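Working notes, structure below.
The values are calculated or read from the model by the stated rules, or taken from the named source; none is laboratory data. Predicted model only: the values in this text are computed from it and were never measured. With ideal geometry, Cβ positions are generated from the backbone for all residues, glycine too; neighbour counts draw on all protein chains shown. Keep in mind that these areas ignore ligands, DNA and RNA; they rest on the heavy atoms of the full protein, side chains included. Shrake-Rupley method; radii C 1.70, N 1.55, O 1.52, S 1.80 Å.
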Amino acid sequence: MGTSGEQWYRPLGTPEGFTLLKVAGMQAGRGLGKFLGSYLYQLDDKGRVSLPAAFRREAADQRFVLLQPYPPALALYPEGEWLQVEERVRDLLKHQPEARMWVLRMMSGAVECAPDSQGRILIPARLKEAAQLEQQVMLVGAIDKVEIWNPALFDSAVGEEAAQFAQYAPKIFR
């Protein structure tokens, strides 16, 4: 279905065997996102937050999956990256069936979301509470996903680890 080397995927919520869509610019085995930087935004009264324009461009016309794999932050995966997560979950269950309850717990809190016409996503109350999000939230680019943090918790978490950061830079930046 298409020329060799093109990447196809099944949209979220679409049963196996239904319409496959081509993802422009996606390399085989690689997702689309490249999210960098951090942004402070306000949650509105309905629990919506605007995605920065740079993040919307990186995942243009994609839906997202929002969940909390690493408390206290939330993780927002664009659809192309989420498909890779799904494959890793299937592999985990295949090789470690005892992980089933952990997978159920993790997936029970996950929600699909799509930015509205103003680029906002809705953060459900239960996830908002779990991440201790109040009026202001920090959206942090984490390369393949966006993390959503309470700014004070982010500053605290980064501050606690600061002494260990120096060991990582030489491994990455040469």
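Results, tabulated for the structure shown:
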quantity: Condition broken by Ala60, with the remaining ones in (1) modelled with pLDDT of 95 or more; (2) in a loop (DSSP other than H, G, I, E, B) satisfied; calculated: (1)
quantity: Among (1) assigned to a strand (DSSP E or B); (2) open to solvent by 60 Å² or more (accessible area, probe 1.4 Å), the one test that Glu160 misses; calculated: (1)
quantity: Residue pairs meeting the criteria (Cβ under 7 Å; at least 6 apart or on separate chains; first closer than 11 Å to Leu67 by Cβ, in the stretch 94-108; second open to solvent by less than 90 Å² (accessible area, probe 1.4 Å)); calculated: Met106/Leu67; Met106/Pro69
quantity: Unmet requirement for Gly80, which otherwise passes all of (1) at pLDDT below 95; (2) part of a helix (DSSP H, G or I); (3) open to solvent by 10 Å² or more (accessible area, probe 1.4 Å); calculated: (3)
quantity: Some residue of the stretch 127-140 being among the basic types (Lys, Arg) and in contact with an Asp or Glu (Cβ under 6 Å, 6 or more places away or on another chain); calculated: no
quantity: Hits in the stretch 112-128 (condition: at pLDDT 95 or above, of a type in the set (A, V, I, L, M, F, W, C) and exposed (fewer than 15 other Cβ atoms within 10 Å of the Cβ)); calculated: Ala125
quantity: Cβ pairs under 7 Å, 6+ apart, first in the stretch 43-54 and closer than 15 Å to Leu133 by Cα, second loosely packed, with under 12 Cβ neighbours inside 10 Å; calculated: Leu43/Gln135; Gly47/Ala125; Ser50/Gln118
quantity: Matching residues in the stretch 112-164 - criterion: being among the charged types (D, E, K, R) and within 15 Å of Leu67 (Cα to Cα); calculated: Glu112, Arg126, Lys128, Glu129, Asp144, Lys145, Glu147
quantity: Filtered residue count, the stretch 129-156, keeping only those that are assigned to a helix (DSSP H, G or I) and open to solvent by less than 60 Å² (accessible area, probe 1.4 Å); calculated: 5
quantity: Every residue from the stretch 33-51 that is part of a loop (DSSP other than H, G, I, E, B) and under 14 Å from the mean Cα position of the chain (by Cα); calculated: Gly33, Lys34, Leu36, Leu51
quantity: Residue among Gln68, Gln62 that alone is without any contact (Cβ under 8 Å) to a residue 60 or more places away in the chain and in contact with a Gly (Cβ under 8 Å, 6 or more places away or on another chain); calculated: Gln62
